[in-house]
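Here's the structure we're looking at; comments come further down.
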Amino acid sequence: MITIVDYGMGNVGSVFNMLRKLRAKVQISSDKNEIAKSDKLILPGVGHFDRGMDSLNSSGLATILTEHALVNKKPILGICLGMQMMTRGSEEGTQQGLGWVAANTIKFSPNNNLKIPHMGWNRVQSSIGAKLFESTTDEPERFYFVHSYYVRADNSKDVAAYCHYGHDFVASFAVDNIMGVQFHPEKSHLFGMNLFKRYIAL
């Protein structure tokens with residue numbers, strides 16, 4: 001069972017629908033008992049960093065998810081804001097993040113006439129052996145992005161994929177069972193569907 005964590009700020013419906021198309025056993029829940037029974041977790045997210053962390057903290061989900069991620073070692077996938085909340089914190093707000101990954105979330109600088117937010121399709125270049133990405137082709141995969149902030153990882157070994165928008169930034173990280181993607185696989189058609197297939201198969 002895969003549980004999509006519902007804390008009031010995620011694009012849960014689209015993620016759920018794509019996983020159902022893949023015939024995955026999936027549910028949307030914020031119930032700690034349902035989360036505990038799950039084999040894998042997905043932490044989606046759309047919106048402001050502090051509001052997301054406020055929701056996770058006030059509901060008790062931050063503590064529950066931290067136990068499952070760091071102690072029980074359940075595979076957990078963060079999407080967009082969900083990925084950013086796995087870091088130590090964000091320039092978007094003042095709240096501490098979950099701190100599962102040695103990384104910070106910072107804002108794009110409006111240089112080179114770049115439009116902020118970074119929005120639309122972009123190529124993603126994965127690292128060799130990155131488990132959520134296609135490893136049999138040299139052609140970069142394409143995913144759909146909508147974000148003004150991005151993750152900067154302390155350790156290059158934690159980076160599963162890069163994207164370029166003015167400069168290279170982390171499109172995905174993977175630290176043991178903890179994975180994050182800055183793009184929206186649920187909006188990325190075949191590429192997103194294939195990424196979810198790989199997550200289901202872990």
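The values are calculated or read from the model by the stated rules, or taken from the named source; none is laboratory data. This structure is a prediction, so every number in the text was calculated from the model and none was measured. When we count neighbours, we look across all protein chains shown, and the Cβ atoms used for this are built from the backbone with ideal geometry, even at glycine. All accessible areas refer to the heavy atoms of the entire protein, side chains included, with ligands and DNA or RNA removed. Shrake-Rupley method; radii C 1.70, N 1.55, O 1.52, S 1.80 Å.
Return the tail of the calculated pair distribution for region 87-174, meaning the percent of Cα-Cα pairs more than 18 Å apart. Above the 18 Å cut-off, region 87-174 has 47 percent of its Cα pairs.
Probe radius 1.4 Å, ligands and nucleic acids ignored: give me the carbon and sulfur share of the accessible area of region 85-187 as a rounded percent. About 44 percent, which is the carbon plus sulfur part of the accessible surface. Here the extension length gained between R20 and W121 equals 34.0 nm, from 0.36 nm per residue of separation less the Cα-Cα distance. Each residue, D31 and H48, gets one label point 7 Å from its Cα in the Cβ direction; the gap between the two is 3.2 nm. For region 41-133, the solvent-accessible area with a 1.4 angstrom probe is 45 square angstrom per residue. Size check on the chain: the Cα extents along the three principal axes, sorted descending, read 48, 40, 29 Å. Around the amide H of G78, modelled in the peptide plane, lie the amide H atoms of L43, M179, G180, V181, all under 5 Å away and 5 or more residues distant in sequence or on another chain. Straight-line cross-link reach from K107 at under 23 Å between alpha-carbon atoms covers these lysines, not counting any fewer than eight positions away in the same chain: K115, K157, K187.
Rolling a 1.4 angstrom probe over the protein heavy atoms with all chains in place gives region 153-202 an accessible area of 40 Å² per residue. Taking a ≥ b ≥ c as the square roots of the eigenvalues of the Cα gyration tensor, region 1-57 is oblate, since a/c reaches 1.5 or more and a/b is not larger than b/c.
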